[in-house]
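The values are calculated or read from the model by the stated rules, or taken from the named source; none is laboratory data. Keep in mind the model is a prediction, meaning the values are calculated, not measured. Counting neighbours? That spans all protein chains shown, and the Cβs are built from the backbone with ideal geometry, glycine included.
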Ligand SMILES: *Cc1c(COP(=O)(O)O)cnc(C)c1O
């Protein structure tokens, strides 16, 4: 996509999002210059799925932006990820949380994370099942060097955003429940739901962070 289009897409989406809902550009496979165009047009959060790809890209982008990890994080990449990202949106197992906490402690930092909820309970997907999320939140919030700041969900792969609505709604309900529980080390501030074809539905179900790739950058080539 050319420069004009990326900028126009960003401005159109930003204008459409209600106050309080933030736009994250999902940057996997996009070149530094495409990502730069998005930042120049007003994107303040960049999401990457791969540590190595982010390491090769972020330092080339000028301007101020927050860096979110949105892929499946392998334990052996945790140390590197902590140096690259401001927030890990995809905390999806106790063993990953243990590794994040241990590495964060040795760096004297607190890692900010969202719990990834496998809202459709898909066997082939990572994330915590809805019925296990409250327990999981309690457990990982007790780890010294992790601050849970909210929830993230993907939902099943579908073209029809209406099919995602029940999963968004259920994740929102978990978010509200956790907020009421007032667990120490667990703040419910960020609800990350919705992608290019579903962000409107997600926002109507309470998302305050949407992760958008294709609608900003055009179709992915691979
Ligand atoms: C790629 C990706 C997105 C954005 O997907 P689009 O359909 O291109 O908008 C959002 N979230 C995650 C976790 C992704 O990997």
Hits in the range 82-103 (condition: surrounded by 19 or more Cβ atoms within 10 Å (Cβ to Cβ) and either touching a residue at least 60 places away in the same chain (Cβ under 8 Å) or under 14 Å from the mean Cα position of the chain (by Cα) (or both)): 85, 87, 88, 89, 90, 91, 92
Has the range 136-155 got any residue that is under 30 Å from residue 41 (Cβ atoms), modelled with pLDDT under 95 and within 15 Å of the chain's Cα centre (by Cα)? yes
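Of these, 75, 30, which one is more than 14 Å from the ligand (Cβ to nearest atom) and either farther than 23 Å from residue 208 by Cα or in contact with a helix residue (DSSP H, G or I) (Cβ under 8 Å, 6 or more places away or on another chain) (or both)?
Going through 75, 30 in turn, just one is more than 14 Å from the ligand (Cβ to nearest atom) and either farther than 23 Å from residue 208 by Cα or in contact with a helix residue (DSSP H, G or I) (Cβ under 8 Å, 6 or more places away or on another chain) (or both): 75.
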Give 32, 18 a once-over and let me know the one that is surrounded by fewer than 13 Cβ atoms within 10 Å (Cβ to Cβ), modelled with pLDDT of 95 or more and out of contact with any strand residue (DSSP E or B) (no Cβ under 6 Å at 6 or more places or on another chain). 18
So which residues in the range 188-206 are under 19 Å from residue 134 (Cα atoms) and either within 11 Å of the ligand (Cβ to nearest atom) or touching a residue at least 60 places away in the same chain (Cβ under 8 Å) (or both)? 190, 192, 193
Can you run down the residue pairs with Cβ atoms below 9 Å, 6 or more apart or on separate chains, where the first is in the range 16-34 and without any contact (Cβ under 8 Å) to a residue 40 or more places away in the chain and the partner is in a loop (DSSP other than H, G, I, E, B) and crowded, with 17+ Cβ neighbours inside 10 Å? 32/61
